[in-house]
Structures are given as structure tokens and as C-alpha cells.
Amino acid sequence: MHDDNVSQNKSTAMKIITADQRLAEKCGTKILIVGPSGVGKTSLLRTLSAEMLASTLFVDIEAGDIAVADLPVASVRPRRWEECRDLACALGGFNPALPAAACYSETHFNQVMQNSELAQLASYSTLFVDSLTAGARLCFAWAEQQPEATTDRGRKDLRAIYGLHGRSMVGWLNQLQHARGRNVCFVAVLEKNVDDFNIATWQLQIEGGKTGRELPAIVDEIITMTWIDLGDRKPVRAFVCTNPNVWGYPAKDRSGRLDQLEPPNLGALIEKLTCPAQRKPFSVVSPEQTAQT
């Protein structure tokens, strides 16, 4: 009987959002910007307008803010994974599906909001996380210290560590994904990997494989910021926004509003993604048509 009451309570918590209500909602975008070290990912903060910058929180995990040292932007500098989780809980709210003892539960959220510093995070509408690569290192260091990271014989259990690390990272990203009204921009290092058959691929520099595999389904946009030679032998910085592309760079555009190459301007990109606009036509080609062509 108790279980029936619980399921009834959970079902009544869900409501229908009408088409007009959904269209009137303020929705942010979740962006992953990847690129080689030194291409200027942190400097993208300089492309935000003064108005947008005033509502932006710079999450400086990497301690590499020299490129924006003179920029008037609010910042936090988490040094522990627990601080990253509290930040995500404050911004994303609580997950009603989780038990009280779990991270991102209602109990966790209430504890976080008792901290006046963390409670202030609700006033920021844009989050710039620099970087996802460094955040994953904090998560891995935390996972190594957990009880399940050690076998009964007192040895490190790498399988358990990577499993815990992967679950924790995906849970953190999902929490920030549900900060619906906020823009969240993650930056990460992109590196070239050459396999035994001399085939080169571009990969996200991040601990473990689970986060890299699941990340494309979590964020709305995957953008590679890199140097592009447009044929005049004078490479320029650009955003590669769609896939497939001739360079083989990671890219994804869920909005349907971006061109394959966009100027490396984060402020303009967010405006293009969030302002009301018509997306590009979505054409459907049947297998029969493909075979005929």
C-alpha cells in the first residue's frame, strides 16, 4: 500500500506543459567547445557582451585565467570534486528520482542552499566551465580515495575506480544539463590520436572512456575551435560546428541553426542559438533515392 501511495505522489507531480507555455520558456543551451591547447578557448569570455558578462560565472578549475586576468567576470575556483558537485546541485536543482542520501537529491540541494555563497549561484544565467578536462581529473582523484577503490587485500581496484569516475562524471553533466534556463559552456582539450595502422582521429582529452562516449548525447552543441586554412595559406581561428566535415573534427549541431564554419565568437554563438529563429530545413532522403543518385 505504501508503494502505491509513493507512485501516486510521483505521478501527480508531473504536469502537462502546453505548447504555448513551452514556447514561452526561457531555455539555455549546453555547449562543448573543444580545441588544441593554446587556440584561445578561455579567451572566448572576451567575446561576451558587457550585459552577458555581468551574468556569467567563470568556473576556473584549471587555474589558467591569465588570458582573461583583466576581464570583469565573477569566478569560482573549485579544488575538490565535492565543490564541483555542490555547484551543479545549486544550479540544476534537485533530482526527485534520487534517494535522500544521494548526490543531487532534495536533501543535498537543501544542504547546499544553506550556504550563502552557493545560494548566490542562482543569479547567474551563463556558466563557463574551464575545463572539462581538469574537472575530470578532480573527479578521478576523488574516486581513487573512495572505499570501493580498494580491494579486500588493500590494493587499488582500477576497474572500480574508473567505474565510479565514469558514473560520477555523467551524473554531474546530467545535473548541469537540467539547468534548463541557463547557458552552460564546457571547454576541453582536443588531441590527435594515431593508432597502430597510422590512422589519425581527434579525441577529447579526458580521464576514462564513459564520459567521452556519453557526452555527445548530453550537450546540445559540440564545436571544435581550431585553425582553418581557407585556401590562402593564412590559417584563421574558426568554430567547426557541423558534421560531417572535411577535417574530421568532432562537431554536432542540435539546433539546426549553425553553418559549418562560424566565427570564434561565443557571445554571437549563444545569441544565434537562443534567440527565436527559424532552423534550417530538415530534408529526409529515402534509401531508394540515395541508391538512384
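The values are calculated or read from the model by the stated rules, or taken from the named source; none is laboratory data. Note that the structure is predicted; figures quoted are calculated from it, not measured. Using ideal geometry, Cβ is built from the backbone for each residue, glycine included, and neighbour counts are taken over all protein chains shown. Side chains are part of the model used for accessible areas, which takes the heavy atoms of the whole protein and leaves out ligands, DNA and RNA. Shrake-Rupley method; radii C 1.70, N 1.55, O 1.52, S 1.80 Å.
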(request) Quick one: which residues, 5+ away or cross-chain, put their amide H under 5 Å from the amide H of F186? H built at 1.01 Å from N. (result) I31, L32, I33, V129
(request) Show S168, S49 ordered by accessible area, largest first, where the area counts protein heavy atoms only and the probe is 1.4 Å. (result) S49, S168
(message) Considering only C-alpha atoms, what is the centroid distance from the stretch 12-53 to the stretch 155-211, in Å?
(response) 20 Å
(request) Report the full-extension gain for the segment A217 to D232: residue separation times 0.36 nm, less the Cα-Cα distance, to one decimal in nm. (result) 1.8 nm
(request) Kindly work out what percent of the DSSP beta bridges joining two residues of the chain are antiparallel, to the nearest 5. (result) 40 percent
(message) Between E25 and D152, how high is the FRET efficiency from 1/(1 + (r/R0)^6) when r is the Cβ-Cβ distance and R₀ = 45 Å? Nearest 0.05.
(response) 0.30
(message) Straight-line reach from K15: which aspartates and glutamates fall under 16 Å, measuring Cα to Cα and dropping same-chain residues less than 8 apart?
(response) E25
(request) Calculate, in nm to one decimal, what S37 and N193 gain on full extension: separation in residues at 0.36 nm each, minus their alpha carbon distance. (result) 54.7 nm
(request) Return a single number: how many Lys pairs in the stretch 122-274, at a sequence separation of 8 or more or on separate chains, have alpha-carbon atoms below 21 angstrom apart. (result) 5
(message) Just to check I understand the Karplus step: with θ = phi - 60° and J = 6.51 cos²θ - 1.76 cosθ + 1.60, what whole-Hz values come out for the stretch 48-53, glycine and proline as x?
(response) 6, 5, 4, 5, 5, 5
(request) Show the residues, 5+ positions off or on another chain, whose built amide H is closer than 5 Å to the amide H of D157. (result) T150, T151
(message) Given a 1.4 angstrom probe, I'd like the percentage of the accessible area of the stretch 49-103 that is carbon and sulfur, rounded to a whole number.
(response) 56 percent
(message) Students often get this wrong, so try it: which of (1) 67, 55, 52; (2) 47, 43, 34; (3) 56, 45, 37 is Cα extents along the principal axes in Å as calculated from the structure shown?
(response) (1)
(request) Please give the length that would be gained between S55 and N110 if that part of the chain were fully extended, namely 0.36 nm times their separation in residues minus their C-alpha to C-alpha distance (nm, one decimal). (result) 17.4 nm
